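See below for the structure under consideration.
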Amino acid sequence: MTFTVKQKINVCNGKLLRMSHESESTGTTMDVNVYLPKQYWQCVRGNEALMKPIPTIYYLSGLTCTPQNASEKAMWQFQADKYGFVVVFPDTSPRGDDVPGDPEGSWDFGHGAGFYIDATKEPYSKNYNMYTYVHEELPRVLDQHFADTGKHVDFLENVSITGHSMGGYGALCGFLKQQAHYKSCSAFAPIVNPKNVPWGQKAFNGYLESKAEWDLHDPCELIKQTPREERRHILIHVGDADPFYEEQLKPQSIVEASQDTPWANKIELNIVAGFDHSYYFVSTFVPQHAKFHAEHLGLKEH
Ligand SMILES: N[C@@H](CCC(=O)N[C@@H](CSC=O)C(=O)NCC(=O)O)C(=O)O
């Protein structure tokens with residue numbers, strides 16, 4: 001089963017494709033947005049073999065988001081054209097009337113809040129397999145879909161990952177668990193220590209069968225157990241006016257956790273004065289993150 005392209009939207013010098021597909025991991029229809037930069041459209045049919053495959057950055061969004069929020073507000077498209085990378089904006093959870101949400105109807109659990117983990121607790125374990133979906137299924141099916149069009153986009157190997165808040169958490173976990181897979185990782189106001197903050201505790205209590213599993217999904221624990229490959233470091237920005245800073249984010253925790261590990265001094269944590277948690281903050285620092293990833297993906301400015 002491949003994708004339905006619901007809309008093609010001109011933005012910058014490329015196109016944003018609003019797509020959907022039937023996901024095996026979640027058992028639902030999943031929406032995803034894919035930005036194809038100007039370099040994709042400059043490739044003339046017939047000389048694809050001459051074109052170096054275009055690398056991909058996966059952007060994971062935060063609580064309450066759909067693929068639209070970051071597509072409309074993060075302004076990755078300018079940078080994608082500048083360096084020549086595709087940007088993939090997945091959804092944040094499975095959705096549908098038959099997909100269990102938060103019994104209390106809050107916005108920080110269930111629909112729009114899948115936390116990019118594979119749930120082990122019923123009833124969520126049937127659909128909430130967002131780790132497998134984002135890191136394994138989605139890249140594979142995107143690769144198949146675009147290979148059929150003959151266009152060279154690299155969704156599988158020369159790839160990087162980033163995200164905001166819950167999405168920054170998802171990026172850190174995916175990178176640390178699959179370092180060989182992602183060339184680089186960055187995050188905007190990430191949840192770095194979910195087992196010790198309310199958002200993470202609610203998610204882990206709701207999605208995971210046992211508390212013994214929690215450390216497997218906490219970046220502050222993963223950083224202690226993950227060997228560091230050559231040239232790897234992590235870029236993080238957090239605003240000092242972020243209302244979630246103290247209770248939910250605690251960014252210093254991952255720097256402290258990385259001491260006495262190969263990651264010591266390899267996490268570049270930028271606390272930026274006056275910025276909040278919004279996409280005004282995210283879009284301000286996207287250029288720096290784009291440059292960071294472009295360097296790791298072997299891309300130069302066009
Ligand atoms: N609706 C909530 C606000 C929730 C919020 O701020 N969500 C952030 C991510 S928070 C952690 O993942 C977000 O990205 N919102 C979408 C946007 O477009 O800004 C409330 O009412 O407080």
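The values are calculated or read from the model by the stated rules, or taken from the named source; none is laboratory data. Quick caveat, the model's predicted, so the values are computed rather than measured. Here Cβ is always computed from backbone atoms with ideal geometry, including for glycine, and neighbour counts include all displayed protein chains.
Look at (1) more than 16 Å from the ligand (Cβ to nearest atom); (2) touching a residue at least 40 places away in the same chain (Cβ under 8 Å); (3) out of contact with any His (no Cβ under 8 Å at 6 or more places or on another chain) and you find that Leu208 fails only one, number (3). For the stretch 62-100, filtered to residues that are more than 11 Å from the ligand (Cβ to nearest atom) and among the small types (Gly, Ala, Ser), the residue that is nearest to Asn127 (Cα to Cα) is Ser93.
Scanning the stretch 44-59 finds one or more residues that are in contact with a strand residue (DSSP E or B) (Cβ under 9 Å, 6 or more places away or on another chain) and modelled with pLDDT under 95. For Lys224, indicate whether it is within 15 Å of the ligand (Cβ to nearest atom), touching a helix residue (DSSP H, G or I) at 6+ places or on another chain (Cβ under 9 Å) and among the basic types (Lys, Arg). Here the answer is no, as Lys224 does not meet what is asked. Looking at the stretch 186-302, the helices (runs of 4 or more DSSP H) lying wholly inside it that each contain 1 or more residues that are modelled with pLDDT of 95 or more and more than 25 Å from Tyr128 (Cβ to Cβ) sit at 219-225, 252-258, 279-296. For the stretch 174-192, the tally of residues that are under 10 Å from the mean Cα position of the chain (by Cα) and within 14 Å of the ligand (Cβ to nearest atom) stands at 1.
Matching residues to (1) of a type in the set (Lys, Arg); (2) under 29 Å from Gln201 (Cα atoms); (3) surrounded by fewer than 20 Cβ atoms within 10 Å (Cβ to Cβ); (4) within 14 Å of the ligand (Cβ to nearest atom):
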{"residue": "Pro243", "(1), (2), (3), (4)": "no, yes, yes, yes"}
{"residue": "Gln259", "(1), (2), (3), (4)": "no, yes, yes, no"}
{"residue": "Leu269", "(1), (2), (3), (4)": "no, yes, yes, no"}
{"residue": "Phe275", "(1), (2), (3), (4)": "no, yes, no, yes"}
{"residue": "Ser278", "(1), (2), (3), (4)": "no, yes, yes, yes"}
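Yes or no: Pro103 surrounded by fewer than 24 Cβ atoms within 10 Å (Cβ to Cβ) and more than 16 Å from the ligand (Cβ to nearest atom)? Against the criterion (surrounded by fewer than 24 Cβ atoms within 10 Å (Cβ to Cβ) and more than 16 Å from the ligand (Cβ to nearest atom)), Pro103 qualifies.
Taking residues in the stretch 156-170 that are at negative phi, and partners anywhere that are more than 9 Å from the ligand (Cβ to nearest atom) and charged (D, E, K, R), the pairs with Cβ atoms closer than 6 Å and at least 6 places apart or on different chains are Leu156/Asp143; Ser160/Lys183.
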